[in-house]
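Below you'll find the structure, written out as structure tokens, and then a few comments.
The values are calculated or read from the model by the stated rules, or taken from the named source; none is laboratory data. Nothing here was measured: the structure is a model prediction, and the numbers come from that model. Using ideal geometry, Cβ is built from the backbone for each residue, glycine included, and neighbour counts are taken over all protein chains shown.
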């Protein structure tokens with residue numbers, strides 16, 4: 001059984017996204033620990049990339065800061081080895097197909113297994129092209145996590161039937177970033193998903209307030225928050241972890 005399912009076993013899951021190396025890995029470690037101590041059930045670790053097509057300006061800027069500060073994929077693997085001595089909840093990488101291609105798919109995915117990364121999210125990987133990575137992911141027991149977007153429409157059932165780990169339900173068209181209102185008919189999407197799989201589903205893109213988190217958690221099994229957390233890192237830098245802890249606690253309390 002996928003370890004990712006454990007994130008959804010104690011009520012609604014709160015999933016926090018953090019860009020590795022923004023502003024440095026020491027701060028990333030403290031931010032992860034604060035998030036976990038305050039209720040995060042799963043952490044998405046962003047591997048910085050120069051052209052993150054799914055990201056809005058906040059996470060794009062975090063990618064640039066991390067890359068300018070010398071972050072590399074090798075450093076991130078070493079970092080995960082280190083934090084795994086303390087952090088036991090599920091961890092997944094969120095990155096882009098080119099990062100894995102350039103590193104070498106089997107080398108990358110086998111290292112994920114070695115350092116106890118539970119899954120990989122690739123926003124730029126179309127469902128129809130998942131065979132580029134899925135056989136290797138299955139070989140090493142790493143979940144390749146699929147995304148369902150408002151534009152998926154007649155592909156939703158097919159994506160759901162073939163899902164592993166959890167399903168990432170994209171709340172809105174466009175890129176990541178906080179939104180004042182989420183207008184997508186997510187209940188209809190979830191109805192089709194539920195007819196085709198019992199894998200947990202979490203909604204992401206645009207969620208930033210406790211009110212939004214509560215509303216989304218009534219539809220799905222969990223909520224994903226990235227830009228609001230990365231904004232705290234942008235604003236407070238190395239002092240951000242304590243603010244992230246407070247924020248995660250407020251969000252987790254809203255979905256309990």
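Only one of the numbered conditions (1) over 19 Å from the mean Cα position of the chain (by Cα); (2) modelled with pLDDT under 95; (3) under 20 Å from residue 63 (Cβ atoms) is violated by residue 181, and that is (3). The combined condition, being in contact (Cβ under 8 Å) with a residue 12 or more places away in the chain and either surrounded by fewer than 20 Cβ atoms within 10 Å (Cβ to Cβ) or under 22 Å from residue 5 (Cβ atoms) (or both), is not fulfilled by residue 154. Taken over region 180-229, residues that are loosely packed, with under 15 Cβ neighbours inside 10 Å and in contact with a strand residue (DSSP E or B) (Cβ under 9 Å, 6 or more places away or on another chain) amount to 1. Number of residues in region 1-59 that are buried (at least 24 other Cβ atoms within 10 Å of the Cβ), assigned to a helix (DSSP H, G or I) and at pLDDT below 95 equals 1.
Determine whether region 135-143 contains at least one residue that is more than 23 Å from residue 104 (Cβ to Cβ) and assigned to a loop (DSSP other than H, G, I, E, B). Among the residues of region 135-143, not one is more than 23 Å from residue 104 (Cβ to Cβ) and assigned to a loop (DSSP other than H, G, I, E, B), which makes the answer no. Scanning region 229-250 turns up no residue that is part of a loop (DSSP other than H, G, I, E, B), closer than 12 Å to residue 15 by Cα and at pLDDT 95 or above.
Residue-wise test of (1) without any contact (Cβ under 8 Å) to a residue 60 or more places away in the chain; (2) within 16 Å of residue 21 (Cα to Cα).
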position	(1), (2)
63	yes, yes
75	yes, yes
82	yes, yes
87	yes, no
96	yes, no
100	yes, no
112	yes, no
123	no, no
126	yes, no
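The condition of being loosely packed, with under 14 Cβ neighbours inside 10 Å, out of contact with any helix residue (DSSP H, G or I) (no Cβ under 9 Å at 6 or more places or on another chain), at pLDDT 95 or above and closer than 22 Å to residue 7 by Cβ holds for only one of 161, 138, that being 138.
When each of 130, 107, 113 is tested for being farther than 18 Å from residue 78 by Cβ and either modelled with pLDDT of 95 or more or not in a loop (DSSP other than H, G, I, E, B) (or both), the lone residue that passes is 130. Can you tell me which residue is surrounded by the fewest Cβ atoms within 10 Å (Cβ to Cβ) among those in region 60-83 that are modelled with pLDDT under 95 and in contact with a helix residue (DSSP H, G or I) (Cβ under 7 Å, 6 or more places away or on another chain)? Checked region 60-83; the qualifying residue surrounded by the fewest Cβ atoms within 10 Å (Cβ to Cβ) is 61.
Between 220, 213, the distinction of being outside any helix (DSSP H, G or I) and at pLDDT 95 or above belongs to 220 only.
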